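Reviewing the structure listed below.
The values are calculated or read from the model by the stated rules, or taken from the named source; none is laboratory data. Just so it is clear, the structure is predicted and the values come from calculations on it, not from any experiment. Here the Cβ is made from the backbone with ideal geometry for all residues, glycine too, and neighbour counts use every protein chain on show. These area figures cover heavy atoms from the full protein model, side chains too; ligands, DNA and RNA do not enter into them. Shrake-Rupley method; radii C 1.70, N 1.55, O 1.52, S 1.80 Å.
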Amino acid sequence: MTTPDSYPLVDIALSRRLERAEGVSSARFVEAMARVAPNIKAEWLEVNSTYALFAGLDSPITQTFGFGMFATPTRADLDAIEAFFRERQAPSLHEVSPLADPAALTLLNAGGYEPFEFTSMLFRPIGRDLRLGRPLNPRVIARPIRDDERDLWVETSATGWSETPGIDAMFRTLGPIIATWEGARAFIAELDGQPIAAGTVILSEGVALLAGASTIPAARNQGAQLALLDARLRYAAEHGCDLASMGALPGSGSQRNAERHGFRIAYTRIKWQLR
């Protein structure tokens, strides 16, 4: 069972680990997109240990990760990153940890950036003795999808997100990408054998990154999300991860649910955009 002593300290080492895991996994996503959808011209660039990624104009991955986390950023670094986005006619966006080098904020402020979004970064240790906040529904089984279930996963994910404009369409493009995304594994949850929920886990740098979980509207409140969480964390622990991480809107239901199941807030990232 997870105890307070088994949680790593919330310090720069933890932030570097979480930020690197997300940056590396996002770069692998961009590489998968470049293989599957070459027309998008997805690319990524590393500038002084910052990952700058382009996965399409509307992609949430089109931004930087790790700015100021691993080295003191310079104006030349920011110029190179801005040129990368400008060449692709994409906005220059930076999601920055509050534990980053203070020079990062100085540069962004002086460079005409403004904050516009917050994300709570949550984490928890994982291992063989995994315990969540409440028992699983025995009628709901969550598992990795088979190769021939990709379309089923896409349809279940899209239906689960159908109440969020634009998000369901995005998930319909992810099936082929996830199939070749290094470290990613798609999961599905079934109620009495019928698919009702879907989610993804990405294994990166020993960290399990949880993303994209949704339940179809007609089958909510049956324990599908808990089953997906349990299955993905156990899968990650079996494949060498000792830590799990996820992002959530501060104060949201997603954050509260994560905290009920052993996650803690590590810090709140701020996303910056060029005015």
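Based on the Cβ-Cβ distance from residue 83 to residue 152, what FRET efficiency comes out when R0 is 51 Å, to the nearest 0.05? Mind showing how you got there, number by number?
Working: r = 42 Å, r/R0 = 0.82.
The value I calculate is 0.75.
I'd like the orientation of helix 75-87 relative to the chain: the angle between its Cα long axis and the longest Cα principal axis, in ° from 0 to 90, rounded to 10.
Compared with the principal axis, the helix lies near 60 degrees.
Taking K and R as +1 and D and E as -1, what net charge do the other residues with C-beta under 13 Å from the C-beta of residue 131 add up to?
Numbers: positive: 124, 128, 134, 234, 260; negative: 129, 230.
Every neighbour counted, the sum reads +3.
Answer rounded, prolate or oblate for the stretch 171-243, using the Cα gyration tensor with square roots of eigenvalues a ≥ b ≥ c: rounded when a/c is under 1.5, else prolate when a/b is larger than b/c, else oblate.
oblate
Once both axes come from the Cα atoms, what is the angle between helix 150-160 and the longest principal axis of the chain, in degrees from 0 to 90, rounded to 10?
That works out to roughly 80 degrees.
Angle check, please: helix 12-36 long axis (alpha carbons) against the longest principal axis of the chain (alpha carbons), in degrees 0 to 90, nearest 10.
Between the helix axis and the principal axis of the chain, the angle is about 80 degrees.
Quantify, in whole percent, the carbon and sulfur part of the accessible surface of the chain (1.4 Å probe; protein heavy atoms only).
53
Per 0.36 nm of contour for each residue apart, how much would the distance between residue 39 and residue 211 grow if the chain were fully extended, relative to their Cα-Cα spacing?
59.4 nm
Need one number: % antiparallel among DSSP beta bridges in the stretch 128-275, to the nearest 5.
If we restrict to bridges inside the stretch 128-275, about 85 percent are antiparallel.
Gap in Å between the Cα centre of the stretch 220-258 and the Cα centre of the stretch 109-125?
When both Cα centres are located, 21 Å separates them.
Could you provide, to the nearest whole Å², the per residue accessible area of the stretch 135-275 with probe 1.4 Å? Intermediate results must be reported in sequence, preceding the final value.
Values: 6550 Å² over 141 residues.
Accessible area per residue, the stretch 135-275: 46 Å².
Given axes a ≥ b ≥ c from the Cα gyration tensor, I'd like to know whether the stretch 204-275 is rounded (a/c under 1.5), prolate (a/b larger than b/c) or oblate.
oblate
State the antiparallel share, in %, of DSSP beta bridges confined to the chain, rounding to the nearest 5.
Of those bridges, close to 90 percent are antiparallel.
Long-range amide H contacts for residue 213: which residues qualify at under 5 Å (H placed 1.01 Å from N, peptide plane, sequence gap of 5 or more or a different chain)?
It is 200, by chain and number.
Is the stretch 1-143 rounded, prolate or oblate when judged by the Cα gyration tensor, a ≥ b ≥ c being the square roots of its eigenvalues, rounded requiring a/c under 1.5 and prolate requiring a/b larger than b/c?
Because a/c hits 1.5 or more and a/b fails to exceed b/c, the stretch 1-143 counts as oblate.
Give me the extension gain from residue 242 to residue 173: residue separation times 0.36 nm, minus the current Cα-Cα distance, reported in nm with one decimal.
Residue separation times 0.36 nm, minus the Cα-Cα distance, leaves 21.8 nm.
Taking every pair of distinct Cα atoms and averaging 1/r, then inverting, what Kirkwood hydrodynamic radius in Å comes out for the stretch 99-142?
15.4
Considering only protein heavy atoms, what per residue accessible area in square angstrom results for the stretch 1-133 with a 1.4 angstrom probe?
Result: 46 Å² of accessible area for each residue.
In whole Å, largest first, what are the principal axis extents of the Cα atoms in the stretch 139-181?
If we take the Cα atoms of the stretch 139-181, the spans are 31, 28, 14 Å.
Counting helices only, and only those DSSP H runs with n ≥ 4, report the 222 nm mean residue ellipticity of the chain as the sum of -39,500 (n - 2.57) divided by its residues, in deg cm²/dmol to the nearest 500.
Using -39500 (n - 2.57) per qualifying helix, the result is -10500 deg cm²/dmol.
Go through (1) 39, 19, 17; (2) 27, 22, 20; (3) 31, 23, 16 and flag the label whose value is the computed semi-axes √(5λ) of the Cα gyration tensor in Å for this structure.
(3)
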